């Protein structure tokens, strides 16, 4: 994901899923809460599978004025690759044009430095890196466990989305909910609508809206009420669900001084399963969309 979606992991447990068997034919119908719980508990395994894929990410960012008028636009194209178990973004184009020579060389040096760093890291440093990942994974697991308890769920009539039969569920935050983890406190600030695949219990589409102002870093940054997100996923290689498109209308204030309004759209394509023999190409060899 691009840097401007640093808050999106708060929803990661609803945005990713792994295979889960459907209920038995004679089983009682699942409640909306249980459907969400199944999708949420599948998150971590799918996330691990996602890290085994490289892809191209194309982002269109529109800066908006106070009345919603477009003041400027910018596109960026990144190649997302896997280096020694880490996902790394490499910028390969701006405004749908290859990077100028100096910028391309700078980006190549950055990637080469990371490659050398992880290639030559000591066993001690590698162990610490893996320990950090495991800590993050445990934090994500604790966050997942909070989700079914943080909302009141309402199931709407089923819908078909891109040939997938889905449950449709709306989640409204519970005013009485008391979060048990640091990140879970943000759950009560959002209302969402999710489409969950009826066969595999994977989310297919998500729409979310901030119902209150959200602050980070001792009020250095705020996401205002009304900020909206939309995210669609597709099944790849019959083994993993991966992002297809992302759209956000962002209303952000930095340092309580300057407001930023953006309309951001990203699409993800050219997914490839990473293999150790995959060659890392130069930026000049990748053709932007």
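The values are calculated or read from the model by the stated rules, or taken from the named source; none is laboratory data. All of these numbers come straight from a predicted model, not from anything done at the bench. Cβ sites come from the backbone with ideal geometry, for glycine too, and all protein chains shown count toward neighbours.
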Exercise. Since residue 19 meets every condition but one in (1) over 16 Å from residue 141 (Cβ atoms); (2) modelled with pLDDT under 85; (3) buried (at least 18 other Cβ atoms within 10 Å of the Cβ), which condition does it not meet?
Worked result: (3)
For this session: State whether the residues of the stretch 219-228 include one that is modelled with pLDDT of 75 or more and buried (at least 16 other Cβ atoms within 10 Å of the Cβ).
Result: yes
